[in-house]
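Asker: Pasting a structure here, questions to come.
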Amino acid sequence: MEATGRTVLCACSAFCLLFILTEVSSELIHIDPSVRHVTEGDSVFLSVKTNFSPDKAEFQGTWCHTGMSSTKPRILVTFTKEKTILSMKHRDHLVFNNSTFSLEIKNLNRKDEGDYHLSINIKHDNKPEAIEVEKTIRVTVDVPVSNPAIEKSPSYAVIEDKANVTLTCSVENGTRVMFKWFRDNVALDPSDRYHYSQDNSTLLISPVRKEDKGSYHCVASNPVTRGQHSRAAELNVYYGPYNLEVNSVQGLRTGEVFTINPGELVFFECQADSNPPNSYVWISKTRNATQIVTQGPRLEVRSYRLAQAEEYLCRAFNNVTQKQDEAQFTLVVASLGTGKEKHTQEGNSVSPLAVITVCSFFVIGLMLLFFLRRTCHPKRVLMSIYNKPFSEQKRPHRSGHEDATEDFGIYEFVSIPGKTESTQASCRSLARLESIQDMHTTIYDVIRHVPETPSHSLLK
């Protein structure tokens with residue numbers, strides 16, 4: 001099966017090759033290329049390739065020329081195997097090769113451009129009928145392009161959205177000139193506001209916008225001349241103001257609010273995109289009243305002269321376009337710290353919520369530590385255990401309110417001079433002793449007297 005497929009493939013390839021060779025051999029003459037571009041005053045050689053032997057055949061043919069604006073052909077050369085006849089009117093600048101049928105035309109001018117047609121009748125010795133072959137080649141004759149120049153109308157600067165501009169590119173010499181436009185060395189893209197003439201020599205911009213501002217030049221070329229560049233023409237467009245902003249490298253900014261330290265000297269910059277440059281006015285707004293503070297792009301504010309908060313406004317005005325824009329902000333005086341303690345909104349890497357959380361945990365920890373120290377001091381616990389009677393130490397813990405009758409009685413405070421330690425000292429006395437260890441201390445002993453009950457006195 002595989003061998004059969006290879007055989008079929010080889011047979012197809014051989015058939016295709018035979019078909020190609022047959023087609024080539026059937027084209028008895030060939031002219032390449034079909035169009036020739038020639039500079040005025042130069043010569044052109046119309047080369048013909050033959051695929052038969054002129055020595056073994058009879059032939060008869062002509063070269064004719066048809067101009068671009070004419071429909072009637074002119075015979076330039078008539079030839080046979082034995083004889084060649086050149087046109088008397090054109091023979092001074094024609095050279096014909098009878099063996100190859102090629103034709104050279106010298107000193108071309110604009111009248112010489114057009115279609116050149118070769119017609120040959122060929123009769124082989126072994127064939128009874130003649131074969132007619134025809135080929136045509138077009139010749140263009142052009143004048144080289146000179147350096148182009150740009151004319152701009154109007155020649156002065158224009159205001160955006162209010163004017164149109166026409167740019168015209170022209171050359172002194174050149175035929176079939178093609179033009180291309182560039183702004184700032186970048187080819188212009190198609191736009192609804194750009195309108196070109198048929199040959200692109202004229203560019204109309206309607207209406208003019210901010211982005212049309214720049215340096216324009218054109219490139220002129222034709223089939224025999226590479227691009228020739230013109231000098232640049234500047235188009236100046238008045239526009240703006242756009243993108244008005246108020247900035248400061250000091251203080252803390254949050255949206256349209258600036259916070260500064262008390263007593264700090266702060267500078268604000270007001271900037272906007274505009275041509276020509278804007279005029280700036282700074283206005284202070286307090287208690288529904290406005291006051292012009294200063295003029296110019298920079299504002300200086302001393303915070304000690306301000307109230308706690310004050311509103312400011314920067315107004316930019318273009319004197320040519322008669323357009324203006326405003327930017328309003330609030331200035332707040334509050335303590336922000338100095339030096340590295342200041343944080344700007346852009347550079348703040350620590351969240352305020354995280355700081356508050358850490359501080360809260362720190363305070364709670366200190367409170368717990370203080371509480372444990374007050375309630376579980378080792379010395380106080382040991383002293384309280386030491387002062388309890390042995391029988392009371394073994395007694396189960398009670399809250400002190402189980403039997404109030406046990407606390408009933410008369411208590412007497414007896415001072416014990418000269419003693420700084422006592423095994424019968426009360427817990428409160430020990431606590432006081434602990435707090436004033438460096439002072440002269442008098443310790444009191446508490447003696448409890450239990451009165452007799454009425455029943456006992458009656459028995460006595």
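The values are calculated or read from the model by the stated rules, or taken from the named source; none is laboratory data. For clarity, every value in this text was computed on a predicted model and none was experimentally measured. As a convention, Cβ positions derive from the backbone with ideal geometry for all residues, glycine included, and neighbour counts pool all protein chains shown. Quick note on the areas: whole protein, heavy atoms, side chains included, nothing else; ligands and nucleic acids left out. Shrake-Rupley method; radii C 1.70, N 1.55, O 1.52, S 1.80 Å.
Asker: Can you give the accessible area of Phe182 in Å² (nearest 10), computed on protein heavy atoms with a 1.4 Å probe?
Answerer: 40 Å²
Asker: Further question on the same structure: As a test of reading the structure, rank Asp92, Asp115 by solvent-accessible area (1.4 Å probe, protein chains only), most first.
Answerer: Largest accessible area first, the residues go Asp92, Asp115.
Asker: Could you tell me the calculated FRET efficiency between Ala334 and Leu369, based on Cβ-Cβ distance and R0 = 30 angstrom, to the nearest 0.05?
Answerer: 0.35
Asker: Taking H placed 1.01 Å from N in the peptide plane, check which residues at least 5 places from Ala163 or on another chain put their amide H under 5 Å from its amide H.
Answerer: Val208
Asker: Give the residue list of GluC sites (Glu not before Pro) in the stretch 144-206 that are DSSP loop and have at most 15 other beta-carbon atoms within 10 angstrom.
Answerer: Of the GluC sites (Glu not before Pro), the ones in loops of the stretch 144-206 whose Cβ has at most 15 other Cβ atoms within 10 Å are Glu172.
Asker: When the Karplus curve 6.51 cos²θ - 1.76 cosθ + 1.60 is applied with θ = phi - 60°, which whole-Hz ³J(HN,Hα) does each residue of the stretch 169-186 get, with x for Gly and Pro?
Answerer: 10, 9, 10, 7, 10, x, 10, 6, 7, 10, 10, 9, 10, 9, 10, 6, 6, 10
Asker: Further question: What distance in nm lies between label points placed 7 Å from Cα along the C-beta direction at Asp115 and Ser206?
Answerer: 4.0 nm
Asker: What does the net charge come to around Thr168 if you take all other residues with beta carbon closer than 12 Å to its beta carbon, with K and R at +1 and D and E at -1?
Answerer: For residues surrounding Thr168, the net value is -1.
Asker: Past 18 Å, Cα to Cα, is the threshold; run Lys49/Lys72; Lys162/Lys210; Lys89/Lys111; Lys152/Lys180; Lys83/Lys127 against it and keep the listed order.
Answerer: Checking Cα-Cα distances, Lys49/Lys72; Lys83/Lys127 exceed 18 Å.
Asker: Where does the stretch 55-147 land on Rg(C-alpha)/(2.2 N^0.38 Å)?
Answerer: 1.26
Asker: How large is ³J(HN,Hα), in whole Hz, for each residue of the stretch 281-287 in order, when computed from phi with the Karplus curve 6.51 cos²θ - 1.76 cosθ + 1.60 and θ = phi - 60°, using x for Gly and Pro?
Answerer: In residue order, the calculated couplings are 9, 9, 10, 9, 10, 9, 6 Hz.
Asker: Moving on to the next point. Check Met178: other-chain or 5+ apart residues with amide H under 5 Å from its amide H, H built from backbone geometry?
Answerer: Answer set, sorted by chain and number: Ser221, Asn222.
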